[in-house]
1. In this structure, does I70 turn out to be over 22 Å from S46 (Cβ atoms) and at pLDDT 95 or above?
2. Looking only at helices (runs of 4 or more DSSP H) that lie completely in segment 57-154, which have at least 2 residues being within 14 Å of V23 (Cβ to Cβ)?
3. Checking the structure you have, find out if any residue of segment 33-41 is assigned to a helix (DSSP H, G or I), modelled with pLDDT of 90 or more and of a type in the set (D, E).
4. Step by step: first the residues of segment 84-101, then only those that are farther than 18 Å from F144 by Cα and among the hydrophobic types (A, V, I, L, M, F, W, C), then the one that is surrounded by the most Cβ atoms within 10 Å (Cβ to Cβ). Which residue is that?
5. Just one of (1) in contact (Cβ under 8 Å) with a residue 24 or more places away in the chain; (2) loosely packed, with under 13 Cβ neighbours inside 10 Å trips up L32, so point out which.
Amino acid sequence: MLVCQEARTLDTEMDNLPKPGYVSFATFRNALANFRAEGLPTRLDSSVLKNLSGSTQSQLKVTLRHLELIDNEDRVTSLFRELINSEEDVFKDILSRIIAKSYAFIFEDETGEFDLAMATPQQFSEKFRGTGLSGDTLRKAESFFINLATEAGITISKRITSGRTSADRPRKVDKRRISNSNTLRKPKTDGEIQKTPTASAIPKSEDVSTRWREKMLENLLGKFPEFSPDWDEESRQKWLDQFGNLMGMIRDEHGDDAE
């Protein structure tokens, strides 16, 4: 009986602990960019987050609350203002401090300091399961942390990140894509000649349609049975009628050239 009571007490304490954020990191990053551009309001209510769905608003608030950027009444904290108004180099320092406090369950435990750079995927997931998360919410919370830590410049074991899907991994800038984009937008110099495809090089839809009909008639003609004088009168007449119809289709397609 005493054991059951202790178990219930432990479950209640875990439920009361703030759960790690699990909103999409792209949503989190876009929200910060908007607040930086338009200014940070005093409270994050639905009128401020009206561009997000109700479920996404809820996930974003849970995440911001866990990071202590808003309080239980959705009021913006001074830490949030400090983060939004900071320059890039200071931004990472503040973010690192936020991570160290909000994710203390990762970095400190009874066994000593937890080394993210050397940890295994299982050890990493065990840390998040210890907060009461499971299933898809657990995966999303882990993904958010990985992206947030990467943003702050915190080293994470490649064993943890390599097993992730493309949606879970921190985004990297595709330099080749940028290079190709710049090449396409590069202004032409006087010595360059703009090459425009000639009209003959561009296939017309009418030509494609004609070639398709020709191919179809050619296939029909190839599959048409050969005439046999041994057939009865009715079979010979059906063959002549069908062959005449096919020839009529070919004449209609090619006009005088078919004669």
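1. no
2. Filter on segment 57-154 gives 135-151.
3. Within segment 33-41, one or more residues are assigned to a helix (DSSP H, G or I), modelled with pLDDT of 90 or more and of a type in the set (D, E).
4. Taking the candidates together, the pick is I84.
5. That leaves (2) as the condition not met.
The values are calculated or read from the model by the stated rules, or taken from the named source; none is laboratory data. Here the structure is a predicted model, which is why all the values come from computation and not from measurement. Counting neighbours? That spans all protein chains shown, and the Cβs are built from the backbone with ideal geometry, glycine included.
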